[in-house]
Amino acid sequence: MSLFTDSIAAATNSIQKQYADNIDYAIILGSGLSELSLDGFQQLARIDYSDIDGLPALTAPSHKGEISIVSNGLKTIALCAGRHHLYEGYSAQQVTTLVYTLAQLGVSELIITNAAGALNPDFRPGDVMLIEDHINFTGHNPVRGQDQSFGILFPDMSEAYNLKRIEQASAAAEKHQVRLHRGVYIGVLGPSLETSAERRMMRRFGADAVGMSTVLESIAANHCGMRVLGLSAITNLALGDKDQQPDTIEEVLENAAMAGQGMKKILNEILS
Ligand code: HPA
């Protein structure tokens, strides 16, 4: 047993002590999105991250730090408000402890949400981007050095984001008239924002949105065989033009909440 597997066992045990039944899906709620609620779902349990042994402390601003377990009688979903980031000083394995724990609890599908800057000039703050694929630009990987307790050493990432879910989410957005784009998310280490030259480079690399989370969580989820759907709340332009920095955290949170309303419609449609 390693420190990592010990942490996951401890976290799994803590959650099971507070909620012993099955959990089908989980949603990780990013910056400004923690208020997301699902119509027709009742809360079965609420667990504070600080009561989960083995889970690193939350330090990022505006991350609530609780798991709300909700059910509509057919499906049970863990709404996880708060995540860990590399920029907090955590390792890739600490950042993904929550995801590996959810897999141990039987979660088969993970919906990852985040706040991201727009590299694509067609995007506007408040829009939603469906993540079709990602570029891991962090230089870190949660699978590195693992003992293969959770999956194989070279997990397949060729369909990192589930195609069927992408189509369902697109159809849901069309039905509810949500401004939705599809694109590539590039994950960076942070916490400094990108320079304008970096942003222009990322656009040329083929990325449409940039943020400081998600890619490691997606790798971990794919590593354990979960299906993944990713949604980015576009919070600011990051086109590499002169006047786009600095972005204030207040602005980011406000636009994330606006995009969150669109995300809620999409999630309600695909999860009901
Ligand atoms: N860059 C990186 N991360 C972000 C941004 C951005 O412009 N906006 C929200 N998260």
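Any read-out appearing in this document is the output of simple, stated calculations on the displayed coordinates, not a laboratory observation. Because the structure is a prediction, the values reported are computed rather than measured. As a convention, Cβ positions derive from the backbone with ideal geometry for all residues, glycine included, and neighbour counts pool all protein chains shown.
If I stretch the segment between GLU174 and PHE205 completely, what's the gain in nm (0.36 nm per residue apart, minus their alpha carbon distance), one decimal?
On the way: separation 31, 0.36 × 31 = 11.16 nm, distance 2.84 nm.
Fully extending the segment from GLU174 to PHE205 adds 8.3 nm.
Report the equivalent ellipsoid semi-axes for the chain in whole Å, largest first, defined as the square roots of five times the eigenvalues of the gyration tensor built from alpha carbon atoms.
On the way: eigenvalues 149, 95, 59 Å².
Here the semi-axes work out to 27, 22, 17 Å.
To test your reading of the geometry: what angle, between 0 and 90 degrees and rounded to tens, separates the Cα axis of helix 196-205 from the longest principal axis of the chain?
70 degrees
So what is the calculated 222 nm ellipticity per residue for the chain, using -39500 (n - 2.57) for each DSSP H run with n of 4 or more, over all residues, to the nearest 500 deg cm²/dmol? If you can, show how the numbers build up before the last one.
Values: 7 runs with 83 residues, N = 272.
Helices in the chain give a 222 nm mean residue ellipticity of -9500 deg cm²/dmol.
Roughly what would the spin-label model give for ILE135 and ASP51, points 7 Å off Cα along C-beta, in nm?
4.3 nm
What are the lysines whose alpha-carbon lies under 20 Å from the alpha-carbon of LYS175, with same-chain residues fewer than 8 places away excluded?
Here the lysines satisfying the reach criterion relative to LYS175 are LYS164, LYS264, LYS265.
Kirkwood Rh, Cα Rg: Rg to Rh for region 1-98? Don't skip to the end; give the middle numbers.
Numbers: Rg = 13.5 Å, Rh = 14.0 Å.
That ratio equals 0.97.
Only bridges whose two residues both fall in region 121-272 count here: according to DSSP, what percent of them are antiparallel, nearest 5?
Details: 3 of 14 bridges.
Taking every DSSP beta bridge within region 121-272, about 20 percent pair in antiparallel fashion.
Return the single residue from VAL107, VAL215, VAL178 with maximal mean-square fluctuation; model: Gaussian network over the chain, springs between Cα atoms under 10 Å.
VAL178
To the nearest Å, what is the center-to-center distance of region 126-159 and region 12-31, using C-alpha atoms only?
21 Å
Once the Cα gyration tensor of region 222-272 is diagonalised, what are the square roots of 5 times its eigenvalues, in whole Å and ordered largest first, as equivalent ellipsoid semi-axes?
Details: eigenvalues 156, 53, 15 Å².
Whole-Å semi-axes of the equivalent ellipsoid: 28, 16, 9.
Could you state the angle between the C-alpha long axis of helix 3-18 and the longest principal axis of the C-alpha atoms of the chain, as a value from 0 to 90 degrees rounded to the nearest 10?
Around 70 degrees separate the two axes.
Among GLY230, GLY190, GLY54, which one shows the biggest mean-square fluctuation in a GNM of the chain, springs joining Cα atoms closer than 10 Å?
GLY190
Using a simple spin-label model with points 7 Å from Cα along the Cα→Cβ vector, what separation in nm is obtained for SER108 and ALA9?
That separation, rounded to one decimal, is 2.7 nm.
Given the chain, what percent of its DSSP beta bridges are antiparallel, to the nearest 5?
On the way: 17 of 47 bridges.
About 35 percent, rounded to the nearest 5.
What is the gain in length, in nm to one decimal, between GLN261 and ILE249 on full extension, counting 0.36 nm per residue of separation less the C-alpha to C-alpha distance?
On the way: separation 12, 0.36 × 12 = 4.32 nm, distance 1.88 nm.
Using 0.36 nm per residue and subtracting the Cα-Cα distance, I get 2.4 nm.
If you line up the long axis of helix 249-271 against the longest principal axis of the chain, both from Cα atoms, how many degrees apart are they, to the nearest 10?
Between helix and principal axis, roughly 60 degrees.
Using Cβ counts within 10 Å as a stand-in for footprinting exposure, how do LEU229, LEU38 rank, fewest first? Don't skip to the answer; put the middle values down first.
Values: LEU229 24, LEU38 19.
Fewest to most other Cβ atoms nearby, the residues stand as LEU38, LEU229.
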